[in-house]
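Colleague: What follows is a structure written as structure tokens; I'll ask about it next.
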Amino acid sequence: MPQTIGWSRNEMAARAALELRDGFYVNLGIGIPTLVANYIPAGIAVTLQSENGLLGMGPFPPASEVDADLINAGKETVTFTPGASTFSSADSFAMIRGGHIDLAILGAMQVSERGDLANWMIPGKRVKGMGGAMDLVSGVRRVVVLMEHTAQGSPKLLPACTLPLTGAAVVNRVITELGVFDITPLGFATAELAPGVTPEQVQQATAAPVQFNQRRC
């Protein structure tokens, strides 16, 4: 699907930031989700958590203010907000597993129509490890996937995942360059379409049936 259709990556992140609520503790996954930190809506207080032991991350720093000691789980340099803290990854995962994270915004390789998530490995390819996603999807209160709709033209929204699962029936909502899609008992349902995107374009890029009872941007 050409990138000229629908939202850019930054626009996708800005749309995902609208999922945040005042007082939320939020974990941002590697990739496009990290951009959400740059678009937190004015007037709300959100605390960003990273599984490597950070609480209170801010937006990415300008080049003149990079501190190599301040990194997120994806090894990217970040900033700290007033009152931020660092601690062990053991404490960080205790926070995750204890149900203290309100929302996780994660990337994905595949999402099924029942909310299964595959985002940690492709068989036959070298992986660094499973990371924290398996703990996140089982411990947080809500999971939003932020990803591109297709990979080299192949749909990533599927009737069933073909890659190893990170978690079964764990995803609540998916945001792509084409729109916002909820996981319902009947499968994918469109909550919102990106500007200029048609239902026909969405269905063509999606391997599973999609319901179109959405409001338009």
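No lab work stands behind these numbers, since they all come straight from the coordinates. Worth saying up front: this structure is predicted, and the values here are computed from it rather than measured. FYI the Cβ positions are ideal-geometry reconstructions off the backbone, even for glycines, and counts take in every protein chain you see.
Colleague: Using DSSP to define loop residues, name the GluC sites (Glu not before Pro) in the range 99-204 whose beta-carbon has at most 16 other beta-carbon atoms within 10 Å.
Modeller: Here no GluC sites (Glu not before Pro) fit, given the DSSP loop and packing criteria.
Colleague: What value in Å³ per residue do you get for the convex hull of the alpha-carbon atoms in the range 58-157?
Modeller: Hull volume over Cα atoms, normalised by residue count, gives 150 Å³.
Colleague: Related question: If you wrap a convex hull around the alpha carbons of the chain, what volume per residue comes out, as a whole number of Å³?
Modeller: About 132 Å³ per residue, rounded to a whole number.
Colleague: Do any chymotrypsin sites (Phe, Trp or Tyr not before Pro) in the range 35-142 lie in a DSSP loop with no more than 15 other beta carbon atoms within 10 Å, and if so, which?
Modeller: When the chymotrypsin sites (Phe, Trp or Tyr not before Pro) of the range 35-142 are filtered for loop state and at most 15 Cβ neighbours within 10 Å, Phe87 remain.
Colleague: Can you tell me what the convex hull of the Cα atoms of the range 97-217 projects to on average, as an area in nm²?
Modeller: If I average the Cα hull's projected area over directions, I get 7.6 nm².
Colleague: Now for a different question. Across 10 Å bins from 0, what is the distribution of all Cα-Cα pair distances for the range 1-95, in whole percents?
Modeller: Cα pair-distance distribution for the range 1-95, in percent: 15, 47, 30, 7, 1.
Colleague: Per DSSP helix of 4 or more residues, -39500 (n - 2.57); summed, then divided by the residues of the chain. What does that give at 222 nm, rounded to the nearest 500?
Modeller: -4000 deg cm²/dmol
Colleague: Once you charge only the Cβ atoms, +1 for Lys and Arg and -1 for Asp and Glu, what is the size of the charge dipole of the range 142-217 about its Cα centre, to the nearest 20 debye? Let's see the in-between values first.
Modeller: Details: 5 positive and 5 negative charges, 35 e Å.
Once rounded to the nearest 20, the dipole reads 160 debye.
Colleague: Using the charge dipole of the chain (Lys, Arg: +1 at Cβ; Asp, Glu: -1 at Cβ; taken about the Cα centre), state which of Leu136, Phe212, Ala104 has its Cα farthest towards the positive end.
Modeller: Working it through, the farthest residue towards the positive pole turns out to be Phe212.
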